[in-house]
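Here is the structure we will look at.
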Amino acid sequence: MRILHNRPQWLGFILLSIFSNAAFSAEGAVAAEYKWITFAVFGGIIALTMAITYWAAKRTHTTAEFYAANRSISGFQNGWAIAGDYLSAASFLGIAGLISLYGYDGFMYSVGFLVAYITVLLVIAEPCRNIGKYTLGDILAFRNEPKKSKAIAALSTITVSIFYLTAQMVGGGILVKTLIGINYEVSVIAVGLLMLAYVVFGGMVATTWVQIVKAVLLVIASIVLVVLVWTPYGFSLPGFLDGVVNNEGVQKQVAKLLGSAASNMTPAELGQRFLEPGLFLKSPIDQISLGLALVLGTAGLPHILMRFFTVPNAKEARKSVMWAMVIIGGFYVLTLFLGLGAAINVGPANIAGLDKGGNMAAPILAQYLGGGADSMLGNFFLAFVAAVAFATIVAVVAGLVLASASAMAHDIYVGVIRGDHATPGEQMKAARIASVIVGIVAIIIGIAAKGQNIAHLVGMAFAVAASSNLPAVLLTLHWKRCNTGGIILGMLAGAISAIALVMVSPNMTYPKDVVKAANKVLQGEPAVEAKPAVPAQHGDGFVCELFAVCKKAEPAKPETLAKPATPGAVEKLATLNTKLASMTDPAEIAKTRIEIDKLDLSVKKAQEDLKQYEGKTTSLVGLEKPFFLLKNPGLISIPLGFLMVILGSLLYRDPHAAEMWDELYVRQNTGIHAH
């Protein structure tokens, strides 16, 4: 351990060796002759982050340095680090992809993420910095029973972090494999080893500076791409938006999304519809539930709360939130133009063909703007964006692992088991061992979850944070009657209800639906005969919107028109291959081959789904269809979490919590005696 502690750059050489052996072994978005560019860019970023880790390792000797960078980070630096911690691959790749496929609605996710920091600024940042030390458990233990508070806080921290961590590891493996062709397992192991290097050797110092570097690279990459997207329009916003509205690919995408409702719309109206709401987020109640989880969940994310302990005082904590809002807000504005730029340059159909969720929009846009798949500059741009996405994933994972390890070592081992009597050396040893344990678990879970639908895990992390952590922290800080009983009951009820509702929601995989969709891809749809008008279905109201206990009421439908049969991908492939044999025009041949490749991928995916879910009829919890109809449980679980904290506090007698209120009130507002 001593040798590795002094030589963390050794791990960098190991990772470079992994990439050199694996990066050229599989096909990816980068052409074979340009793989060396990808390797060089990835190697450069890995070398840079390992150099930071080596520098940080020489500065990390105490628990304060390991957990909180010795409170030496300025507000400006911490603002960039928060941005680096918060802007995950979902922000860079996911939101840009949603905008490229659904227009305005994709941008609304950005708004939810950004508005969340108003909650953090107004009610969380300053008080947490003044009364906490390293973790969520320290905040709750200030006026409540220490061992019980730290135990429940650690449990919640690890739960939220594991959900978020698994999504990042799986998403990272899939995205890196798709982008540059590195095997999924190798990608997950590389993410895990890099993350372990940052956390074990450099602690919060290395993690902070890696997050800062990653955030700067992310912003630079986005600015460069947006400038290139805007250049043909003379940097005119009206001109750019006109380009979106009049783009044929955008118009076709809107027509596809609207279906029969688009039949009476002009091309210009279809293009304008792309800039209006309603193409993706169609349920108002679902939007409210999602918005609650995003806005309130951020204030309860343990790896974000930890960042406020790295600054010297409450003033710098407030300043760090302000800078984070500026950086994150500016970045999300850039994603709007990245998504729209991808829609008009690459095309929604091509983006969806590469990845149904649109996650490849920004990387493929970078390749296009650089000159295309056959140009060196285009592949350099793609490699750079891929490397930034990789750094994004690793930086976020490092923050999550540090939060989990802190909960295990500082809250459980030092606080609960040792009763806060562990020596500094024992605390550092426990912190590093806990980091290794969490890192290994993250790698194992990431590999084991290959091929699984992990989209619900991010929503679950935010929902648990908003339903469990936030009510406990907020009421501890701002309600005199809050006590240990309320904290325990509220955190348990909030977390359990959020997890349970997600497990019976549409986020889970339902084999019958997957098989039906796969058969539709392979075989197409049969002809539909004309049907008489359908009367309104029985059942209406709020309960029907939430639970599948009644059929949702719908207005009477007019008589449906007959529809001809639509061919499946197999039939389309046969037809295209027949046409290809008789083609002579090179441009037409190239276009047809691209279409054949897309259909071939669709067929393979459908066949894999049929094989995977053969003989299966129910979800992980034994349901054939969702019971809870909202994708995010926040509308139910967040109020329940607050209610249980209140009830538990009123029913439980805790004189210590009441006695500590005056001291807590003074410290959280003045910072007197703050660590």
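Please treat every number below as a calculation from the coordinates, not as lab data. Predicted model only: the values in this text are computed from it and were never measured. So basically every Cβ, Gly included, is an ideal-geometry build from the backbone, and we count neighbours across all protein chains shown.
Does the range 237-288 come out rounded, prolate or oblate by the C-alpha gyration tensor, with a ≥ b ≥ c the root eigenvalues, rounded set by a/c under 1.5 and, if not, prolate when a/b is larger than b/c and oblate if not?
Verdict is oblate for the range 237-288.
Could you list, in their original order, any pairs among Lys214/Lys319; Lys356/Lys598; Lys177/Lys252; Lys252/Lys579; Lys516/Lys616; Lys177/Lys450 whose Cα atoms are separated by more than 22 Å?
The answer is Lys177/Lys252; Lys252/Lys579.
Taking the alpha-carbon centroid of each part, what is the distance from the range 328-358 to the range 631-657 in angstrom?
A separation of 40 Å, based on Cα centres.
I need the calculated FRET efficiency for the pair Thr575 and Val216, taking r as the beta carbon distance and R₀ as 51 Å, to the nearest 0.05.
Working from the Cβ atoms, E equals 0.55.
Rounded to the nearest 500, what is the chain's calculated 222 nm mean residue ellipticity when only DSSP H runs of at least 4 contribute -39500 (n - 2.57) each, over all residues?
-21500 deg cm²/dmol
How charged is the neighbourhood of Ala151? Take every other residue with its Cβ under 11 Å from the Cβ of Ala151, and add Lys/Arg as +1 and Asp/Glu as -1.
Net of charged neighbours comes to +1.
Hey, which of these cross-link pairs are over 22 Å Cα-Cα: Lys512/Lys631; Lys591/Lys611; Lys520/Lys605; Lys256/Lys611; Lys35/Lys591; Lys133/Lys315?
The pairs that break the limit, which is 22 Å between Cα atoms, are Lys591/Lys611; Lys256/Lys611; Lys35/Lys591.
Report the normalised scattering of the chain as log10 I(q)/I(0) at q = 0.06, 0.08, 0.09, 0.11 Å⁻¹, calculated by the Debye formula with identical scatterers on the alpha carbons.
Results for the chain at q = 0.06, 0.08, 0.09, 0.11 Å⁻¹ read -0.36, -0.63, -0.80, -1.18.
Averaged across orientations, what area in nm² does the convex hull of the alpha carbons in the range 287-351 project?
6.4
If eta is 1.002 mPa s and T is 20 °C, what Stokes-Einstein diffusion coefficient results for the range 348-475, Kirkwood Rh from Cα pairs, in µm²/s?
Approximately 117 µm²/s, per Stokes-Einstein.
Could you tell me which of rounded, prolate or oblate describes the range 417-486, using a ≥ b ≥ c as the square roots of the eigenvalues of the alpha-carbon gyration tensor, with rounded for a/c under 1.5 and, failing that, prolate when a/b is larger than b/c and oblate otherwise?
Oblate, because a/c is 1.5 or more while a/b does not exceed b/c.
Pull up the cross-link candidates among the aspartates and glutamates for Lys480, meaning alpha carbon to alpha carbon under 17 Å and not fewer than 8 places away within one chain.
Answer for Lys480, where 17 Å is the Cα cut-off: Glu145, Asp654, Glu659, Asp662, Glu663, listed by chain and number.
Between Asn669 and Phe76, what is the label-point separation in nm under the 7 Å Cα-to-beta-carbon projection?
3.2
Gap in Å between the Cα centre of the range 194-215 and the Cα centre of the range 61-135?
15
Multiply the residue separation of Lys616 and Ala51 by 0.36 nm, subtract the distance between their alpha-carbon atoms, and state the gained length in nm to one decimal.
Gain on stretching Lys616 to Ala51: 198.5 nm.
At 0.36 nm per residue, and after removing the present C-alpha to C-alpha distance, how many nm does the segment from Asn519 to Ser236 gain when stretched out fully?
97.3 nm is the gain from fully extending Asn519 to Ser236.
The chain: longest stretch without exposed GluC sites (Glu not before Pro) (DSSP loop, at most 12 other Cβ within 10 Å), sites themselves excluded?
For GluC sites (Glu not before Pro) (loop position, at most 12 other Cβ atoms within 10 Å), the longest site-free span of the chain is 28-528.
Would you list, by chain and number, the aspartates and glutamates whose Cα falls below 18 Å from the Cα of Lys604, excluding same-chain residues fewer than 8 positions away?
Glu27, Asp355, Asp513, Glu571, Glu595, Glu614
Can you pull out the trypsin sites (Lys or Arg not before Pro) in the range 131-208 that DSSP calls coil and that have at most 14 other Cβ atoms within 10 Å?
When the trypsin sites (Lys or Arg not before Pro) of the range 131-208 are filtered for loop state and at most 14 Cβ neighbours within 10 Å, nothing remains.
Quick one: grab the alpha carbon gyration tensor of the range 88-161, order the square roots of its eigenvalues as a ≥ b ≥ c, and give me rounded if a/c is under 1.5, else prolate or oblate depending on whether a/b is larger than b/c.
prolate
DSSP loop trypsin sites (Lys or Arg not before Pro) in the range 221-287 with at most 10 other Cβ atoms within 10 Å of their Cβ, which ones?
Those that pass, being in a loop and sparsely packed, are Lys282.
In angstroms, what radius of gyration and Dmax does the range 198-288 have, counting Cα atoms only?
Both quantities, over Cα of the range 198-288: 20.4, 63 Å.
Expressed as an acute angle from 0 to 90° and rounded to the nearest 10, what is the orientation of the C-alpha long axis of helix 455-464 relative to the principal long axis of the chain?
Roughly 30 degrees between the two axes.
Taking the C-alpha atoms of the range 567-654, how large are the radius of gyration and the largest Cα-Cα span, Dmax, in Å?
26.3, 85
Between Leu258 and Asp597, what is the label-point separation in nm under the 7 Å Cα-to-beta-carbon projection?
The answer from the label model is 3.2 nm.
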